[in-house]
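What follows is a single structure, written as structure tokens, with notes after it.
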Amino acid sequence: MAVKMVNLTIDNHSVSVPAGTLLVDAAKKVGIDIPVFCYHPKLEPVGMCRLCMVEIGRPVVDRATNQPVLEADGSPKLAFGPKLETACTTPVTDGMVVMTDNDKAAAEHKDMLEFLLTSHPLDCPVCDKGGECPLQDLTMRFGPGKSRFLFDEKKRLAKQMPLGELIILDRERCIQCARCVRFQDEIVDDPVIGFSERGRSLEIITYSEPGFDSIFSGNTTDICPVGALTTIDFRFKARPWELNAAASICTHCPVGCNLTINVRREARSGGRDVVKRIMPRQNEKVNEIWICDKGRFAHHFTESDQRLTEPMMRKGHEFVPVSWEEALQAAASQLKKAGDRTLALAGGRLANEDLFNLRQLALGLGGEAGLYSIMGGGELLTQVGVGQGTNLGDLGPGSAILVIASDLHQEAPLWWLRVKQAAERGATLIVANARPTRLDKFAKSVIRYNYGEEVEAVASLVPEYKSEVSEAVRDGIQGILGAENVVVFFGSDGLSLQGTTALATACANLLVKTNHFGRTNNGLIGVWPNANTQGAFEIGYRSMPDLAGRLAEAQAVYIAGADPAGDDPALAEALRKTGFIIVQELFMTQTARMADLILPVQAFTEREGSFVSGERRVQRYYPAVKGLPDLRPDYQIVAQIGELLNIPLEGRVASLVFLRLAEALPDFNGLTYQHLAEVEEQWPIYGREDLYYGGTGYHNHQGMGVQLKPAAQRVEPLYLPDAPEHPALTVPEGSLLVVPITRLYDRGTTMLPTSLLHERMEKPVIYIHPNLATAAGMQDGQSFQLVLNGISTLVQVIFDENAPVNAALLPRSVGVPIQGPALAQKEIVSA
Amino acid sequence: MNEFQEKNSDEIRQILAKYPPEYKRSAVMPLLHIAQRRKGYVSPDDIRNIAEILDISSTDVASVSGFYTLFHEEEGGRYRIQICTDLPCALRGAETFLQSVCAELGVAPGETTSDGFFTVEEVKCLAACHRAPVLQVQGEDEIIYHENQTLETFRTLIEDLRRHGQAQKEGA
Amino acid sequence: MSQYILLRHRDTPNLHTLDGYQASGGFAAFQKAVTTMKPEEVLQEVKDSGLRERGGAGFPTGIKWSFLPDKIWPHYVVANADESEPGTFKDRELLEENPFQFLEGLMLACYAVQANLGYVYLRGEFWQISEQIDGCIAALESAGLLGENLFGGNYKLSLHTHLGAGAYICGEETALLESIEGHLGQPRLRPPFPATSGLFNKPTVINNVETLANVPPIVEHGAAWYHTFGTEKSPGTKIFSLSGNINKPGNYELPLGTPFRELIYGHGGGIPGGRGVKAIMAAGASSTLILADDKALDTPMDYESTLQELGAPLGSASVIVVDDAVNIGWLVKKTANFFKHESCGKCTPCREGTYWMDHITQRLIEGEASLQDVDLLYNVATQMQGRNLCALGEFSTMAVTSGIEKFRDDFEALVKK
Ligand SMILES: Cc1cc2nc3c(=O)[nH]c(=O)nc-3n(C[C@H](O)[C@H](O)[C@H](O)COP(=O)(O)O)c2cc1C
Ligand code: SF4
Ligand code: FES
């Protein structure tokens, strides 16, 4: 459909923009800045700050002839309204003549700024926003030079109002633009902040428990045009002009949000660069201009004093520091000894370069490399993953999205946001889960199954599947049948490794049967536990269903970026039987404690690398800080060991490793770091000098990444397995089914060091429906010893009306080992 | 069902029936009125309960309650005596009347008498300008206008209210 | 006036009961409309009558009704019984004493735009009136005048009250709609206008109580009859709320076009103590101050004349009389404080401007202001004008600018010597 273009004149520039464009955006496109405060290109216009008023003339049309009336000189006669109009709410029309900067408009801008400053404390010298403050910038540009308002008559308001532990409000600085309130309501559906009172007394309040209870709260500090909202993390920590910036990628989930890491050299840290804050970096195809609070705040692990700082070797029960030379030698000789009985086990938080080298090393020894993951099925995405060019932001009418077995809000917040928005734009959303999630509200159809019936639930959506179906399923089938594009997200809610693998296969088959693969905006997305789980699958790693057996058999295990012993006592047991254990890590994990050799590594802030997101977008991150002198990136350590073993690996810089990888893997053929660094023009214009328009986040000039083509899009034959048998869950009398769920704020290795989030972190609890709980003799709030697979842990009972009536929910990574659905004794003994 | 809902279930049902089901939120002010009627102010518990009934956030309820001047979030006197001192009334001596009322009760505007019975407040126009001085009494469950006031009528009024309030207290 | 159109209860006993109202011909118009007239015909009658908004703007009511699109349903009608403009107390008298005529008007409006649901939005202080109106609605339901299949036809109608809670801004129609929808009473951006997207995002008519009370007689007696009252462009009678320095304050129903002098000295009995009248405010606190000279006193009170001849809109016709003992600086302090208290805070000029004007006028009456402050006050007001999101912001500046323009001496008398 061709977009109708509208021609108009703004400050003597001829402009042609699509019909429906707001004047403020039309001006922006030709580089004319109309000052705004309440307007934000991602929010519905409200026209309330009145800063953006401009003078508008419209061609006069003769009512009788419907022809434009002409002046004597033949130019169209213009009619000017008696009042200025708000550019942020006025759509362009043909022939409009707009003056953003004439005397009338300039006076208006100055007057509004003067009004705003009458209430403003003008405490710029101590304000965190100082230096990147729209109010400050616009005042310099448009505002009055001197105050006519009596300082004593200014309102004195609370300057330190914590809205919870993350965000702090300075009431005096607030200019009531409501950007934050509208963001929370419109964009993320968490209306947990609002205005109270009225007139000049309007003030932001929160009544949620905890305060400002939203996993997206940090974004409000980016779009707040003054220093009213700041994060407790950054407040008083640095002045914006002292900061340096490095592009990065979030390591916490498979979305791959683009970040900018702000750093500053500090005497306190011996003159080294220190991470001061994490900001979003625009990528309209991935995270737009937002990030979740985990991405923003949970970076403290990188500078934790618990980090491993030097190689260590086991001497009896002790670890003793050794030189890198000694460590590498030891590793090489042990691996050589083990030869084809070497097992490399990698976690999904390693970079592609690390994973590639590690796998090459293991294969070079004749050994094996496996992925440590709670989810399987990633190899399917290399065939039927979403097609190149897929953008969730493009999905709307004509598209269907199926989200199955995933609580996207908790597992991949930005995907939740983008799927929600797609549904609001008109995409058909089908949510299938054993329990309600926050996406249900936006779904066209909500399919409820019992834990264990995931594969059947997918199968029932294949149109030819015959059997009585519920209305929700029928709607789901209709939704898929009627859609031009279908994207399927599968997750791990309540599932084991085998369960997710079976589910992934079922989803792949659904897409193939309905012919929704191999094309842009069609295909499969895995809601992986880690940022680069998909990368591991691309590089050839597969998850290992019989991991315990493999560990026990191996003569040498090389574990990088994974903590099997910490997650599962059975794996710890297996490791006890292993010959030699090398652990490459950031922290002294349980697994590291069992190691014979510990190799410390650099954190993502200290090095370069690349990840593959769940949408198969390859994105690179850059070093932000130097880090400790003696640490090395994973890929380099592996390459150095390789050198000692005569296995030639690239270890000099990440870009060269990537070149090797791209040669070796067909999907990556031809890709280089330069490609990953390419950017394209994005809309809205964001994060440049004009911070008042979009916010203080960063413009992307370091790369938007490259989405891989799945095999199907390259028109290669598919090799899809049939969905494996997925044994039904049977719950014997007297047993309680407990299933794992994923929570954003878990107690994982990279979360715990961020003390700021401790209050919001999940505790060892089970969520259980009151009926089920009563049947099991449990009371709300009670603590008891939960015995799963022979292991007993103290957990607390939380009644949850939303939990299913036949299974209790146990969050992953909170200290209670659970690998998949498990049975517990129903009658409990209170602790 | 929360305690607030249980206590007022009939009335709440009637209120909800006034609005289209998908605009349940419309009932927020009527429910705040019920809450306020019981104690003379809206408590944080009321706010949570109303939010739960209407499926909106507590913040949204608090925000509405905060905007409108007839909702109070803090306990005041048993009766709020609200005297209009807006322009038309002021032209007819309302400001002097306010002063004598305050002197009579021994409080300043905004304050509560030591026995906790009366809070005196200034309010804006009550649509009774032709019968100034005028005041309204915001009590436990109603708002009543008292027009064409003099100090004498006012004295009788507060005596009545005291008696009534006292009787209620003892009856309770 | 011998014959009342609106304040009929003053002549007719028991008009506030359904029986009493019906006994004097009540609901004949509604029955006539529903049983013998098409909705368009009712609308046309009101259009022809030339009835203009009594809520303040003076816009022709029938034309306003005709803006509702017939492609989007349902339609709603909302009666504006928020009556909060200082100096206005006419709707209250109608609601208390002649409620059924108002309700019948509301019902006719509903029928004319084919709404099946109407709301009456009352200011929270009208708690008792709201109970009374609920009683009236219940009586109408029992009498079969509200409900399904009215008069055996297909038309159905329900009415509900909705009580505000102390906010002048909720008289502004879009803020009123926000308030019914359970939000802060802050005005909405326009367009879209309520006629296309109003209550619950549906086409909505919002009318003042007095406007609606005019409708039953118009439908009953016809547009031509209505034109026998008032002026050509401002037909009909109007209730003038007379207050301030006046011997007989109260509501007076008079034909539009009656001169100020007749209202103030005739009906109102003149100024207490025989003082002179200094200024007149014709539209409550939102008024442009009128210098009460002979010319002004002889100006007819209708929508054209006061505006054209005195530069002051008639608004809701709440006539506040100000005698020559009053200092206009003090008066402006009262209005400024009112608007500061009532500004919703949504838009910058009003939120900040009213706050600022309140402070300057406070200093002024405390004798702490300088001559420059008077200019600054004037400046702040003009700096707001034309930039506010809704009319409240504009209203707040009217007394300030007109006061300083016409009564500058009063301000100078207050400044620090
Ligand atoms: C700040 C403000 C307050 C208002 N207050 C009232 C009011 O109390 N009652 C009223 O009927 N109209 C009031 N209006 C006018 C209404 O917005 C609207 O024009 C009116 O209800 C339309 O009804 P009408 O066409 O019958 O006059 C107010 C307008 C503004 C801007
Ligand atoms: S003019 Fe005043 S009342 Fe109207 S929107 Fe602006 S702040 Fe609110
Ligand atoms: S009114 Fe246009 S930006 Fe605020």
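To check you understand DSSP bridge types, tell me what percent of the beta bridges within the range B:22-172 (both residues inside) are antiparallel, rounded to 5. In the range B:22-172, approximately 60 percent of DSSP beta bridges are antiparallel ones.
Full extension of the segment from B:Gln99 to B:Asp10, taken as 0.36 nm per residue of separation minus the current Cα-Cα distance, would add 27.7 nm.
Which GluC sites (Glu not before Pro) does the range A:407-453 hold that lie in a coil by DSSP with at most 11 other beta carbons within 10 Å?
none
Given +1 at the Cβ of Lys and Arg, -1 at the Cβ of Asp and Glu and no other charges, the dipole of the range C:237-323 around its Cα centre is 280 debye to the nearest 20.
Pairs from the table (A:Lys28/A:Lys155; A:Lys441/B:Lys18; B:Lys124/C:Lys47; A:Lys83/A:Lys159; B:Lys24/C:Lys334; A:Lys104/C:Lys416) lying more than 30 angstrom apart at Cα are A:Lys28/A:Lys155; B:Lys124/C:Lys47; A:Lys83/A:Lys159; B:Lys24/C:Lys334; A:Lys104/C:Lys416. Here the range C:328-412 is described by how far its Cα atoms reach on the three principal axes: 33, 21, 18 Å, from widest to narrowest. The chymotrypsin sites (Phe, Trp or Tyr not before Pro) of the range A:220-258 meeting both criteria, a DSSP state outside H, G, I, E and B (loop) and at most 11 other C-beta atoms within 10 angstrom of the site's C-beta, are A:Phe236. Rounded to the nearest 10 degrees, the angle from helix C:348-365 to the longest Cα principal axis of chain C is 50 degrees.
Which value results when the Cα radius of gyration for the protein assembly as shown is divided by 2.2 N^0.38 Å?
Dividing the Cα Rg of the protein assembly as shown by 2.2 N^0.38 Å gives 1.05.
Ranking C:Gly105, C:Ser197, C:Phe27 by Cα position along the charge dipole of the range C:8-226, where only Lys, Arg, Asp and Glu carry charges on their C-beta atoms, puts C:Ser197 farthest toward the positive end. Excluding same-chain neighbours fewer than eight residues apart, the aspartates and glutamates reachable from B:Lys7 by a Cα-Cα span under 20 Å are B:Asp45, B:Asp46, B:Glu52, B:Asp55, B:Glu140, B:Asp141, B:Glu142.
What 222 nm value per residue comes from the helices of the protein assembly as shown, counting each DSSP H run with n ≥ 4 as -39,500 (n - 2.57) and dividing by all residues, nearest 500 deg cm²/dmol? Working shown, then result.
Details: 50 runs with 459 residues, N = 1420.
Only helices count here, giving -9000 deg cm²/dmol.
Are there any GluC sites (Glu not before Pro) in the range B:107-172 that are in a DSSP loop and have at most 16 other Cβ atoms within 10 Å? List them by number. Those that pass, being in a loop and sparsely packed, are B:Glu111, B:Glu140, B:Glu142, B:Glu147. Counting only residues at least eight positions apart within a chain, or on another chain, the lysines with an alpha carbon under 21 Å from that of A:Lys709 are A:Lys285, A:Lys513. Listing A:Val795, A:Val805 from fewest to most neighbouring C-beta atoms within 10 Å gives A:Val805, A:Val795. Of C:Arg92, A:Arg474, the sequence from fewest to most neighbouring Cβ atoms within 10 angstrom is A:Arg474, C:Arg92. Take every DSSP beta bridge whose two residues both sit in chain C; close to 40 percent of them are antiparallel. Quick one: Cα centre-to-centre distance for the range B:14-89 and the range A:312-360, in angstrom? Each part reduced to its Cα centre gives a spacing of 66 Å. Secondary structure note: in chain A, about 55% of the DSSP beta bridges are antiparallel.
Distances between placed amide hydrogens fall under 5 Å for B:Phe118 paired with B:Arg78, B:Tyr79, B:Thr113, all partners being 5 or more residues away or on another chain. Principal-axis analysis of the Cα atoms of chain B puts helix B:151-171 at an angle of about 40° to the longest axis. The angle between the Cα long axis of helix C:391-406 and the longest principal axis of the Cα atoms of chain C comes to about 40 degrees, rounded to the nearest 10.
In order along the range C:118-130, phi translates into HN-Hα couplings of x, 10, 10, 9, 10, 4, x, 5, 7, 4, 5, 5, 4 Hz, rounded to whole numbers, per the Karplus curve 6.51 cos²θ - 1.76 cosθ + 1.60 with θ = phi - 60° and x for Gly and Pro.
For chain C, taking the reciprocal of the average inverse distance between every pair of different Cα atoms yields a Kirkwood hydrodynamic radius of 22.0 Å. For C:His162, nonlocal amide neighbours, meaning residues 5 or more places apart or on other chains whose placed amide H falls under 5 Å from its own, are C:Val120, C:Tyr121, C:Leu122. Sequentially through the range A:545-554, phi angles give Karplus couplings (6.51, -1.76, 1.60; θ = phi - 60°) of x, 9, 4, 4, x, 5, 5, 5, 7, 5 Hz, Gly and Pro residues having no value and appearing as x. Applied to the range A:87-102, the Karplus parametrisation 6.51 cos²θ - 1.76 cosθ + 1.60 on θ = phi - 60° returns per-residue 3J(HN,Hα) values of 5, 7, 10, 9, x, 5, 9, 4, x, 4, 10, 10, 10, 8, 9, 6 Hz, with x for Gly and Pro. Amide H contacts under 5 Å for A:Val61: A:Val69, restricted to partners 5 or more places along the chain or on a different chain, H placed in the peptide plane at 1.01 Å from N.
Bear in mind these aren't lab numbers, they're just calculated from the coordinates by the rules spelled out. All of these numbers come straight from a predicted model, not from anything done at the bench. All Cβ positions, glycine included, derive from the backbone under ideal geometry; neighbour counts span all protein chains shown.
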